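The values are calculated or read from the model by the stated rules, or taken from the named source; none is laboratory data. Since the structure is predicted, the reported quantities are computational estimates derived from the model, not experimental observations. Counting neighbours? That spans all protein chains shown, and the Cβs are built from the backbone with ideal geometry, glycine included. To get the accessible areas, we keep the full protein, side chains included, count just its heavy atoms, and leave off ligands, DNA and RNA. Shrake-Rupley method; radii C 1.70, N 1.55, O 1.52, S 1.80 Å.
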Amino acid sequence: MYQALYRKWRPMRFEDVVGQEHVTRTLKAQSVSGRLSHAYLFCGPRGTGKTTCARILAKAANCTAPVNGDPCNCCPSCTAINEGSATDVFEMDAATYTGVDDIRALRAEAVYAPSALRRKVYIIDEVHMLSVSAFNAFLKILEEPPEHVMFVLASTELHKIPATVLSRCQRFEFSRIDRQAITERLLHIAAEENIQLERGGAALISAMADGAMRNALSLLEQASAQGGDRLDSRTVASALGIVSAESLFEIFGCILAGDAAGALNLFSRQYDSGAEPEAFCDQLLSLARDVLMVSANVGCDVIGAGYSSGELGEFTASASAEQLLNIVKSVGECLWSLPKSANKRIDAELCIYSLCTPSVSGGNAALAARVAAIEKKLENGVVPAAKAEKTEKDSSPAGRALSEKPAEKTEEKAGPEKKEQPERKTQSERFSLGKELAKSLESRLDPVSASCLGYCSFKRSGNLLCIVTGDSIAYEMLNNRETLAAAAEAAGQLEPGITGAKIEMQKTELRSPSSSGGGESDNMDMLVSFMNENSDISDITR
């Protein structure tokens, strides 16, 4: 009869347990000295060897010919336990037998001497599932058990176990198994089972196993059944319905570059090949986290599958911390909602699109990512708004209105008025205070507003100071009375040309892009009206 790999290759000695040397070393020493405790508590993640070590400990406590603390697996006691026919070793699933009556039955049986072995061993799995009354009934026999009884409790949720139980047990913490150790174990088992597993495929499986050897063996069995003769990283990824590291890197690169079409096409291809949206989002979340950790030089191990920290250098140079945090936050929210989604593919595609175009996303994380992108462009000397402003001003209804109105006035008025116009024009000064203004306002404004203000230019005409920007983010962040007043005060302190002058923040030249389309809008009328009231201003930059 066929037996699953994780059952067939279950360790039979402490020596065979992978990745839990801090536990097996102590248990072997206790077995050698004969100082085994009456109660143990094994806690840690699933699939890391808790129940396996409990069975080995039960054999070590009853073995008639132990070898350096390990059971011999040859004597009648070891053989009976291995075959599951030992009547003195009880395995109880506390998730099923949770009530007080079950514990009372256990107490009634425990007082009797073992029938064949030296000690009765009770292995209670998922012990945290016992009810409160069951725990209370368990306490007395756990504190003062008969000499022939040993309890081995196992749990994945230590915080749910009462302190009264914890204090009566020797506690051993099982940790997640190192990826390298899982990889080597998989390669050994695959060789014994005649499975053509390559190191790349083994590394991918070990990354997906999340530190659990049982998970790794189950994934190996699944991949070997679907993947064909040779199991490399691509074959394993296809067999398990995940995205390969190479494809994941391509999609991530498109997201960082803002290429929504490229990212969505690549995702569609992977979806058609069998990749699940939840698995993809989990991989994307892990990759964004890994890039963030590498860029911050934290020194943590990568948690993603199929790549190493050295391969992430191409992303650390192009991705800002704000952009990576936005990816982590957005993908995390999508991953949380996918189990309840009516169409997981659509939700994943919307998430990808919003990551490529942060302007359509709400929330502080997306706003911070957009501001960081603007700052990076400005630091690199890229100012794309300049050309667009001129083109829009010349071609849009607002531009035509603003350019035509002063000309009409010039034609209507004669003589002195025509001569005074150039003088008023020279009175209008435009200047940029840059980072100095942002730095002076750090204590008065939030960091994002101060940063946006640092990239704006200023226009002074008489006693009127106007802030000039073509960016919608700066417009939304700065267009309020408190921010404008603080900016006017700080500008007066930093710019010698306007120090001492009466500064009024009556009107800002900031305009939302949404109002640039129609000449009949309220904002357009406001701009034209402002121009008519202030004939000394020749143009307004949106």
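Observations on the model:
- Pairs beyond 19 Å (Cα-Cα), from Lys8/Lys50; Lys59/Lys140; Lys120/Lys140: Lys59/Lys140
- Charge tally around Lys120: other residues with Cβ under 11 Å, Lys/Arg +1 each, Asp/Glu -1 each, net -1.
- Each peptide in 146-156, 295-305 was scored by the mean count of other Cβ atoms within 10 Å over its residues; highest first, the order is 146-156, 295-305.
- Distance between segment 275-344 and segment 168-240 - C-alpha centres, whole angstrom: 22
- Rg/Rg_ref, segment 257-316, where Rg_ref = 2.2 N^0.38 Å and atoms are Cα: 1.24
- Shown is the FRET efficiency for Glu314 and Arg230, computed with R0 = 35 Å from the Cβ-Cβ distance and rounded to the nearest 0.05: 0.75.
- Loop trypsin sites (Lys or Arg not before Pro), segment 1-67 (other Cβ atoms within 10 Å of the site Cβ: 10 or fewer; DSSP): Arg35
- Here the accessible area of segment 227-275 is 42 percent carbon and sulfur, with a 1.4 angstrom probe and all protein chains present.
- Two-decimal ratio, segment 1-144, of alpha-carbon radius of gyration to 2.2 N^0.38 Å: 1.06
- Residues of segment 1-30 with an amide N closer than 17 Å to a point placed 7 Å from the Cα of His188 along the Cα-to-Cβ direction: 5-25.
- Taking the Kirkwood radius as Rh and the Cα radius of gyration as Rg, segment 170-294 has a ratio of Rg/Rh equal to 1.03.
- For q = 0.12, 0.13, 0.17 Å⁻¹, Debye-computed log10 I/I(0) when each Cα of segment 276-349 counts as one equal scatterer: -0.34, -0.40, -0.64
- Calculated FRET efficiency for the pair Arg171/Thr79, C-beta based, R₀ 22 Å, to 0.05: 0.10
- Residue-count net charge about Asp229 - beta-carbon cut-off 15 Å; Lys, Arg +1, Asp, Glu -1: -1
- The modelled label-to-label distance between Val298 and Asp272, using points 7 Å beyond Cα along the C-beta direction, is 3.7 nm.
- Label point 7 Å beyond Cα of Asn68 along Cβ direction - residues of segment 1-45 with amide nitrogen under 18 Å: 11-34
- Portion, in percent, of the accessible area of segment 99-214 that falls on carbon or sulfur, probe 1.4 Å: 48
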